[in-house]
Amino acid sequence: MSLPDFELARPSSLEAAVEALVRFGPEAQLVAGGTDLFPSMKQGLFSPRVLVDLKSVPALDGLHFDLEEGLAIGALTKISHLAASRHVAESFPVLAEAARGVASPLLRNMGTVGGNLCLDTRCLYYNQSEFWRGAIGGCLKKDGDVCHVAPGGRFCWAVFSGDLAPALMVLGAQAILTGPGGTREIPVSEFYVDDGIVRLAKDRKEILTGIRVPASSAGMRGTYKKYRIRRSIDYPLAAVAAAMSVAADGSCLQARVAVTAANPAPKLVPAAEGLAGKTFSAELVEHVAHEAIRTAKPLRTSSSTPEYRRQVVRIFVRRALRELWHDTSSAGHRAGSRGR
Ligand SMILES: Cc1cc2nc3c(=O)[nH]c(=O)nc-3n(C[C@H](O)[C@H](O)[C@H](O)COP(=O)(O)OP(=O)(O)OC[C@H]3O[C@@H](n4cnc5c(N)ncnc54)[C@H](O)[C@@H]3O)c2cc1C
């Protein structure tokens, strides 16, 4: 499979990048590290006439921590930079752990935070070669009119499979978007649309320029649990991010849990927030773990079965909350350790 022809636009400023998106309209697509986009272009999933290369806008790169503003992450920041940051590991352990689990070292060196958050949704019937897809007549998301996951419906169930979004959601992070109409901020938890085709709550002329993690989330205990077939490289097939602050008397001050790779959008589990003010009990943890599988609705979109992925979510939530409440999380205590 080879890359189709395209023109490369290399704007030197954010304004010029937005202008290129406006000028070329639907024929243009943004590229950052290209680790997700280029394989997809080779599979014929996208064929933009113009690629607008964000790497020529260095102002979008970098991590900056301020005691009042919190952590600012530029959209072009490499995943490896985030994963290696001591400050991130110490203050936002769930984010560090999620970053360390993305893909493989080479892909983390190329892949960016912005690209990770704007990933296309994935499905067994979509992420295939053009030849393979042609043999089944395409699918709702590309070149067809049937969803092979749920053939009776008119809805695309392709799954958002990024690792960073749930970690940022449990930290209460904001996404910063710039478009022709100016700059706006929305919570990362509202950046996603639960529809495999629509995917993101942003206009195609808007660029995700960065993320802001509030200073109030610094120091929250956190952990990220990821299920994938090959631990050395694969996308998640189900994963859970959790963050919690605990009072000196052991009661929960604040808790958030989010699930990714189970639905078209990553989602917060509302029941987790009900733990605030409670002291630990196995029943409470079990209640949130059960509610998590009402939030996560995996279907047959991957090589792993929906039943197995649902059980994985339940077990990950149980483990995460127990670890965080009792402060035995691998993320908190062994910053260099792996995700699962
Ligand atoms: C074998 C393999 C395994 C992988 N495993 C994982 C994994 O375990 N976890 C995981 O999360 N990802 C995984 N990925 C996907 C990918 O490598 C990472 O998500 C990476 O961080 C994507 O960033 P990028 O800069 O390369 O994105 P790109 O490929 O450049 O872009 C991805 C999408 O985002 C859009 N985009 C990029 N930047 C912006 C921006 N600033 N604003 C608006 N839109 C933007 C692009 O138009 C494109 O649609 C894997 C990829 C491969 C090939």
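Readers should treat all values here as calculations from the given coordinates under stated rules, not as data from a laboratory. In this text, all values refer to a predicted model and were calculated from it rather than measured experimentally. Because the Cβ atoms are built from the backbone with ideal geometry, glycine has one as well, and the counts that use them run over all protein chains shown.
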(request) Add +1 for every Lys or Arg and -1 for every Asp or Glu among the other residues with Cβ under 10 Å from the Cβ of residue 72, and state the total. (result) -1
(request) Return the sequence-ordered ³J(HN,Hα) values of the range 288-297 in whole Hz as given by the Karplus equation 6.51 cos²θ - 1.76 cosθ + 1.60 applied to θ = phi - 60°, using x for Gly and Pro. (result) 5, 4, 5, 5, 4, 7, 7, 7, 7, 10
(request) Determine the dipole magnitude for the range 1-109: charges of +1 sit on the beta-carbon of Lys and Arg, -1 on that of Asp and Glu, nothing else is charged, the reference point is the Cα centre, and the result goes in debye to the nearest 20. (result) 440 debye
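Which of the residue pairs 205/267; 225/267; 141/202; 142/267; 142/226; 42/297 have a Cα-Cα distance greater than 22 Å in the structure shown?
The answer is 205/267; 142/267; 142/226; 42/297.
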(request) Tell me the trypsin sites (Lys or Arg not before Pro) within the range 183-251 that lie in a loop according to DSSP and have at most 15 other beta-carbon atoms within 10 Å. (result) 204, 230, 231
(message) Is there a quick way to get the dipole size of the chain? I mean about its Cα centre, with the Cβ of Lys and Arg at +1 and of Asp and Glu at -1; what is the value in debye to the nearest 20?
(response) 1120 debye
(request) Would you please give the residues with an amide H less than 5 Å from that of residue 123, counting only those at least 5 places away or on a separate chain, with H modeled from the backbone geometry? (result) 159
(request) Taking only Cα atoms and a 10 Å spring cutoff, compute GNM fluctuations for the chain and point out the largest among 302, 56, 232. (result) 232
(request) Return the distance in nm (one decimal) between the two label points of a simple spin-label model at residue 201 and residue 282, each offset 7 Å from Cα along Cα→Cβ. (result) 3.9 nm
(request) Sum up the charges of everything whose Cβ sits under 14 Å from the Cβ of residue 249, counting Lys and Arg as +1 and Asp and Glu as -1, but leave residue 249 out. (result) 0
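Pop out the Kirkwood hydrodynamic radius of the range 1-56 from its pairwise C-alpha distances, inverse of mean 1/r, in Å to one decimal. Walk me through the intermediate numbers first.
Details: mean 1/r = 0.0880 Å⁻¹.
Taking the inverse mean of 1/r over all distinct Cα pairs, the range 1-56 comes out at 11.4 Å.
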(message) Need one number: nm distance between label points at residue 307 and residue 15, each 7 Å from Cα along Cα→Cβ, rounded to one decimal.
(response) 6.0 nm
(request) Return the calculated 222 nm mean residue ellipticity for the chain, to the nearest 500 deg cm²/dmol, obtained by summing -39500 (n - 2.57) across DSSP H runs with n ≥ 4 and dividing by the residue count. (result) -8000 deg cm²/dmol
(request) Would you mind finding the longest exposed-site-free stretch of the chain, with exposed GluC sites (Glu not before Pro) meaning DSSP loop and at most 16 other Cβ atoms within 10 Å? (result) 70-340
(request) Towards the positive end of the charge dipole of the chain, with charges on Cβ (+1 Lys, Arg; -1 Asp, Glu), say which of 71, 107, 178 has the farthest Cα. (result) 107
(message) So, R0 is 25 Å and r is the distance between the beta-carbons of residue 104 and residue 68; what FRET efficiency does that work out to, to 0.05?
(response) 0.10
(request) Taking only Cα atoms and a 10 Å spring cutoff, compute GNM fluctuations for the chain and point out the largest among 229, 176, 79. (result) 229
(request) Assuming R0 = 56 Å, can you tell me the calculated FRET efficiency for the pair residue 193 and residue 249, based on Cβ-Cβ distance, to the nearest 0.05? (result) 0.85
(request) Classify the chain as rounded, prolate or oblate from the Cα gyration tensor: take a ≥ b ≥ c as the square roots of its eigenvalues, call it rounded if a/c is under 1.5, otherwise prolate when a/b beats b/c and oblate if not. (result) oblate
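Based on the alpha-carbon gyration tensor of the range 46-195 and its eigenvalue square roots a ≥ b ≥ c, which shape applies: rounded if a/c is under 1.5, prolate if not and a/b is larger than b/c, or oblate?
Prolate, since a/c reaches 1.5 and a/b exceeds b/c.
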(message) Can you say what percent of the DSSP beta bridges in the chain, counting only those with both residues inside, are antiparallel? Round to 5.
(response) 85 percent
(message) I'd like the distance separating the alpha-carbon centroids of the range 108-173 and the range 276-297, in whole Å.
(response) 28 Å
(request) Kindly state, to the nearest 0.05, the FRET efficiency for residue 131 paired with residue 59, given R0 = 45 Å and r defined as their beta-carbon distance. (result) 0.60
(message) Less than 12 Å Cβ to Cβ from residue 84, Lys/Arg counted +1 and Asp/Glu -1: what total charge do the surrounding residues give?
(response) +4
(request) Tabulate in residue order the Karplus-calculated ³J(HN,Hα) for the range 115-131, using 6.51 cos²θ - 1.76 cosθ + 1.60 with θ = phi - 60°, rounded to whole Hz; enter x for Gly and Pro. (result) x, 5, 6, 9, 3, 5, 6, 10, 7, 4, 9, 10, 7, 9, 5, 4, 4
